[in-house]
Amino acid sequence: MLYPQNNRFRQFIELSDFWDFRFDFDDKGLRDGWEKGFENGQPIAVPASWNEQFAENRDFLGPAWYQTHFSLPWGWDKHRVLIRFNSVNYLADVWLNGEKIGQHEGGHLPFKFDITSQIKNEGNHLVVRVDGNLTTDRVPPSDHNLLLANYPPTNFDFYPFCGIQRPVLLYSIPNEAIIDLTINTSIEGKTGIVNAKVERSDGNPVKAQFNLTRNGTNISTEIEMDNRLSEATLRVPNASFWAPGAPQLYDLKIELSRNGTTFDSYTLPVGIRTISVEGDKLLLNGKPIELLGFGRHEDFPVIGRGLMPAVIIKDYSLMQWIGANSFRTSHYPYSEQMMDLADQLGILIIDETPAVGLTFHKTVFDRHLELCKQYTKELIARDKNHPSVIMWSLANEPHQNINAKMFFEQLYDLAKKLDSTRPITFANMHIGEERSFKFCDIVCVNRYYGWYLERAKMDKACELLSKELDKLYKRYSKPIILSEFGAGTIPGWHANPPEMWSEEYQVEFLSEYIKVANSKPFVVGQHVWNLCDFKTSQHDRRMGGINYKGVFTRDRRPKMAAHHLRKLWSGKTD
Ligand code: GCB
């Protein structure tokens with residue numbers, strides 16, 4: 001799914017602004033015709049989650065209604081016009097000028113509607129109903145045991161922020177347009193090979209010009225296209241390959257023309273790199289690579305899970321300061337802006353779908369599978385062209401269940417069919433037999449010996465961790481990533497000897513885990529849980545509804561462990 005862009009043939013504007021907003025406590029909006037417009041609203045910032053914007057109603061998960069008005073930019077009336085929502089959590093129903101234009105389920109992936117026939121030059125009225133409620137049949141699901149549940153009753157450990165959380169874009173494309181591109185790259189010696197598949201809105205004959213440029217290098221080719229799908233291959237001698245520390249990007253510009261007149265163009269950054277698994281190694285451009293980094297969250301005071309460009313910059317800066325080269329988009333896809341910057345900065349990403357908290361209960365199995373297939377398709381369609389994305393994670397911590405294998409077999413096959421170039425994984429929490437590891441190219445394990453198990457006993461914790469890793473490797477013969485390990489830490493809380501929740505214990509915990517990881521050649525990644533403290537539901541292990549396993553606080557101040565990790569990962573102390 002291509003991101004809208006501005007050029008001679010395409011334009012976009014963001015509808016980011018203060019919109020009009022109303023909670024629908026009695027769920028009467030649909031009955032009372034709010035889709036035609038509602039009264040007594042209050043201003044709200046878009047994009048941002050609604051939960052932390054107001055003095056009240058933080059935990060109300062919907063439904064709630066948004067409305068705004070806009071005019072069509074000058075000259076767009078001759079083109080196709082679409083509206084794109086980059087993320088609405090969780091269920092969005094959309095009306096334009098009183099007419100329903102569509103619905104989308106799932107909180108973190110973009111969706112779009114062609115509104116060419118509904119849009120007016122002036123006075124367009126856009127209404128969105130958002131339902132962020134937690135139920136067992138949604139993904140991610142609610143906890144089914146409400147008596148013991150957290151509040152709000154998530155079956156996962158992060159706050160279920162709701163609303164229009166990323167920008168809404170209005171954009172125009174030519175009537176005959178490029179609608180998708182799939183870039184695959186390979187390497188032969190010093191030559192980079194870029195294969196570009198183009199999908200168009202129609203199959204009328206056209207000429208397609210491909211130009212790949214970077215620092216004076218210009219490789220081009222032209223092909224005749226008389227199908228909706230065509231492809232071209234460009235060979236780049238002495239290519240600059242993309243890698244962490246050297247994120248070399250080319251610009252690939254594709255232009256469509258007929259009878260000498262160009263009528264569409266799209267430009268995409270391209271990184272030439274390969275990723276593969278061989279034996280116990282993860283190879284980037286044919287060389288073993290070790291992932292150092294974090295699990296994280298899109299989470300910040302007041303905006304919740306809303307897009308805040310400055311926080312993206314800050315988090316990348318913190319990761320680079322500490323010496324990290326990678327992160328996992330735990331536990332849902334992150335903003336497209338985050339992905340673009342990873343390409344530019346040379347950060348590696350394990351890209352995770354929103355499938356967290358899966359139970360495989362009979363009553364929800366089919367619906368969850370259908371939703372997870374939808375998310376997997378939408379995620380790969382959105383992120384397939386990012387060199388930074390080196391792996392798909394199909395889920396986080398699915399529950400142990402006899403039917404899980406059937407579920408993962410289908411998701412794995414689907415993901416491989418859509419993208420055969422990247423390894424596939426999911427993050428496991430169960431110690432012991434995990435039948436679904438069969439459907440992974442890399443084994444990812446989240447482990448908390450010394451925290452939830454063998455509490456405060458780091459010696460015992462490390463002994464168990466070490467034994468388990470050896471056993472896992474022996475059993476599956478696949479590279480292993482420690483995809484989560486961490487200890488809750490109250491900033492400013494000290495203890496000597498170290499005690500759980502103290503800054504000293506977090507330092508000890510992370511150092512000991514890293515020692516174990518470093519001693520195993522088949523452990524190819526260490527991702528600390530978490531980069532920053534983050535908001536979650538309230539319960540007895542989460543003081544103030546915060547998960548304190550961050551090495552930075554929620555407002556991005558370092559704990560002792562941040563300095564310590566920096567020393568371990570980058571050798572720097574200043
Ligand atoms: C996990 C989960 C993560 C939690 C973390 C914790 O295994 O994957 O979502 O936040 O543990 O802190 O308990």
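The values are calculated or read from the model by the stated rules, or taken from the named source; none is laboratory data. Treat the numbers as computed from the prediction; the structure is a model and nothing was measured. Don't worry about glycine lacking a Cβ; one is built from the backbone with ideal geometry, like all the others, and counts go over all protein chains shown. With ligands, DNA and RNA removed, areas are computed over all heavy atoms of the protein, side chains included. Shrake-Rupley method; radii C 1.70, N 1.55, O 1.52, S 1.80 Å.
Results, tabulated for the structure shown:
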item: Efficiency of FRET between ASN259 and ASN195 - r from beta-carbon atoms, R0 22 angstrom, step 0.05; result: 0.20
item: Solvent-accessible surface ranking, highest first, for SER326, SER317 at 1.4 angstrom; result: SER317, SER326
item: Rg to Rh, two decimals, where segment 178-270 supplies the alpha carbon set and Rh follows Kirkwood; result: 0.99
item: Protein-only accessible surface order, largest first, of LEU453, LEU169 at 1.4 Å; result: LEU453, LEU169
item: Dipole axis of the chain (+1 Lys, Arg; -1 Asp, Glu on Cβ), positive-most option in PHE12, ASN145, TYR505; result: TYR505
item: Surface accessible to a 1.4 Å probe, ILE481 within the full protein complex, Å²; result: 0 Å²
item: Surface accessible to a 1.4 Å probe, per residue, for the residues of segment 275-546, Å²; result: 36 Å²
item: Stretchable slack from ASP27 to HIS69, in nm (0.36 nm times residue separation minus alpha-carbon distance); result: 12.8 nm
item: 1.4 Å probe accessible area per residue over segment 119-237, in Å²; result: 42 Å²
item: Sparsely packed GluC sites (Glu not before Pro) within segment 104-193, loop by DSSP, other Cβ within 10 Å at most 13; result: GLU122
item: Share, in percent, of DSSP beta bridges within segment 275-546 that are antiparallel, nearest 5; result: 25 percent
item: Candidates per trypsin sites (Lys or Arg not before Pro) in segment 368-398, loop by DSSP, up to 12 other Cβ within 10 Å; result: none
item: Ranking by accessible area, most exposed first, for LYS467, LYS572, LYS478 with a 1.4 Å probe; result: LYS467, LYS572, LYS478
item: Fraction of antiparallel bridges per DSSP, the chain only, in percent to nearest 5; result: 75 percent
item: Relative compactness, the chain, computed as alpha-carbon Rg over 2.2 N^0.38 Å; result: 0.98
item: Pairwise FRET efficiency - GLN5 versus GLN42, Cβ, R0 = 35 Å, nearest 0.05; result: 0.55
item: Helical mean residue ellipticity (222 nm; -39500 (n - 2.57) per DSSP H run of 4+; nearest 500) of the chain; result: -6000 deg cm²/dmol
item: Separation between Cα centres of segment 183-240 and segment 40-104, rounded to whole Å; result: 37 Å
item: Accessible-area composition of the chain, carbon plus sulfur, in percent [1.4 Å probe]; result: 50 percent
item: Counting DSSP beta bridges with both ends in segment 263-352, the antiparallel % (nearest 5); result: 55 percent
